[in-house]
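Presented below is the structure to which this report refers.
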Amino acid sequence: MKLHAVARTAGGLLEGAPANPQTVITGVTHNSAWVTPGQAFVAMRGRLHDGHRYIPDALARGAVLIVGEGFDGSAALPIPYLKVSDARHTLGNLAAALNDYPCHRLRTIGVTGTKGKTTTAWLIRHLLRAAGHRTGLLSTLGYKLDDDDLHQFPAHFTTPEAPQVQETLARMVTQKCTHAVIEASSEALAQHRLSGTRFGIAVWTNLAPEHLNFHGDMEGYFGAKRMLFDASYFAVLNAADPWGMRLTDRPHATYAVQAEAGAEWWASDISEERSGLTFEVHHPGGTFGAKLSMIGAYNVANAMAAIVAVEHLGVPIRDIRTGLATFAGLPGRMQVLQTTPVRVVLDFAHTPDSLRLALTTLRQTTARRLIVVLGSAGGPRDPSKRAPLGAVAATLADLAIFTEEDCRDTPIYDILNEMKRGADEAGAGNTVLIPNRLEAIAYALGHAEPGDTVAFCGKAGEITLERATETLPWIEESIVRAAMAELGWTPA
């Protein structure tokens with residue numbers, strides 16, 4: 001893409017060195033260490049760092065254009081400087097343009113919400129594939145192309161920025177995908193990581209307090225998620241969520257669990273057993289029975305969201321029923337590693353509400369004791385949830401083991417003692433503090449007896465553990481399986 005076309009796409013003003021109209025921009029990045037010859041470097045100003053400090057490094061690596069919101073040294077640069085009003089937004093738009101707008105050749109579905117968005121996104125992809133559509137997936141657990149292998153970004157792309165999002169969508173196009181499902185977090189939306197992407201459908205699951213340290217308040221949180229719907233043609237909304245129902249000013253369909261006033265699609269007769277869930281789906285054309293091999297009645301809401309989305313895309317009811325029955329779940333979301341003699345479950349639950357749902361669900365099918373292992377993130381990430389997490393864990397489990405979960409620069413006992421305070425104030429004396437997560441896992445399994453359920457919460461599906469200044473490789477499933485093997489357990 002030639003330089004002046006890039007400038008027109010960005011809507012910016014070229015400054016600095018004279019622009020050569022024959023200069024070709026081969027790519028874009030915001031990290032000077034990732035620059036390759038021929039690329040544009042976007043110098044973004046953050047809370048702690050100003051990207052303009054890294055211009056010399058970008059130049060040394062072969063950058064041919066600097067993009068930013070303006071700085072005093074632009075006139076002295078040996079290459080052009082493109083001044084824009086919003087560097088983050090420009091990064092996303094340029095990434096899309098330089099990858100030839102892959103969303104234009106894909107039917108793109110975005111999923112957002114506080115809870116359930118990962119499960120819903122995976123369900124949508126599975127239902128589309130079960131109906132014969134080549135479908136890619138971009139989620140917090142990794143990404144899938146046309147094959148069914150789960151790929152991970154390199155460590156520095158754990159939360160992909162706009163260039164990686166667009167490059168991944170372009171790979172889906174290359175593999176002849178016709179659809180793409182994207183899990184859209186509020187931070188990704190607020191930071192314009194999805195800028196340049198148009199969505200055919202946006203799916204809303206729910207909104208509850210989370211990430212308020214980033215968004216400021218619930219209105220800010222809602223506003224970030226609304227950005228997905230502003231970039232979409234059609235909305236699938238949870239009729240039971242008041243925040244979602246503020247988005248009815250566009251073409252939409254609604255769903256609910258149980259009969260909600262005004263919901264076009266709703267579920268009834270929900271039954272949960274060890275083998276999974278069964279329920280009836282009511283829709284404008286009639287009723288059908290559905291079976292889903294997942295634990296947790298709350299997953300019916302996720303299934304309903306997915307059903308409405310794919311039906312709008314033209315998937316027949318018969319294919320939806322078949323797809324639901326063959327869905328194998330997803331890693332780290334009520335993932336059962338073993339059922340006997342002790343049931344071992346991994347779940348990503350890391351907020352008081354999600355933990356309450358997980359433990360309440362497991363309690364219903366646990367023969368004897370329920371043991372839970374969890375921590376709470378350090379740093380500025382919602383420290384107010386630590387005591388409530390402790391209270392929920394100790395109240396709903398027979399034994400609550402508090403341990404590390406990305407403590408970062410926060411002293412571990414500051415976190416654990418706050419969780420214990422919540423448990424103590426709830427009147428529960430069934431807590432154990434074990435700072436090292438590996439030791440906590442061994443303790444929990446070693447103290448489990450036949451008929452117990454052991455749940456490991458908060459880290460399932462992630463690939464690192466942040467401890468002080470260290471970032472350690474951490475695949476909780478592999479670690480738990482190794483601890484089970486040491487006990488001589490053979491998983492079912």
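The values are calculated or read from the model by the stated rules, or taken from the named source; none is laboratory data. Because the structure is predicted, anything quoted here is derived from the model rather than measured. Cβ placement follows ideal geometry from the backbone for every residue including glycine, while neighbour counts extend to all protein chains displayed.
Numerical summary
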quantity: Condition met for Ala309 (within 26 Å of the chain's Cα centre (by Cα), assigned to a helix (DSSP H, G or I), of a type outside the set (Ser, Thr, Tyr) and crowded, with 22+ Cβ neighbours inside 10 Å); calculated: yes
quantity: Residues that are within 17 Å of the chain's Cα centre (by Cα), among the β-branched types (Val, Ile, Thr) and farther than 14 Å from Ile320 by Cα, drawn from the stretch 121-146; calculated: Thr140
quantity: Subset of the stretch 420-438 that is more than 28 Å from the chain's Cα centre (by Cα) and part of a helix (DSSP H, G or I) - its residue that is nearest to Ala468 (Cα to Cα); calculated: Lys420
quantity: Failed condition for Ile463, given (1) in contact (Cβ under 8 Å) with a residue 40 or more places away in the chain; (2) crowded, with 19+ Cβ neighbours inside 10 Å; (3) in contact with a Gly (Cβ under 9 Å, 6 or more places away or on another chain); calculated: (2)
quantity: So Glu183, is it within 20 Å of Gly110 (Cα to Cα), among the acidic types (Asp, Glu) and either assigned by TED's automatic domain parsing to the domain that holds Ala305 or at pLDDT below 90 (or both); calculated: yes
quantity: Strands (runs of 3 or more DSSP E) enclosed by the stretch 76-180 - at least 2 residues per element that are touching a residue at least 60 places away in the same chain (Cβ under 8 Å) and not hydrophobic (A, V, I, L, M, F, W, C); calculated: 80-83, 107-112
quantity: In the stretch 47-73, residue surrounded by the most Cβ atoms within 10 Å (Cβ to Cβ) [restricted to those that are over 16 Å from Val35 (Cα atoms) and in contact with a His (Cβ under 9 Å, 6 or more places away or on another chain)]; calculated: Phe71
quantity: Failed item, numbered, when Leu487 is tested on (1) over 26 Å from the mean Cα position of the chain (by Cα); (2) of a type in the set (A, V, I, L, M, F, W, C); (3) within 24 Å of Pro383 (Cα to Cα); calculated: (3)
quantity: Failed criterion for Glu260 (all others in (1) without any contact (Cβ under 8 Å) to a residue 24 or more places away in the chain; (2) in contact with a helix residue (DSSP H, G or I) (Cβ under 9 Å, 6 or more places away or on another chain) hold); calculated: (2)
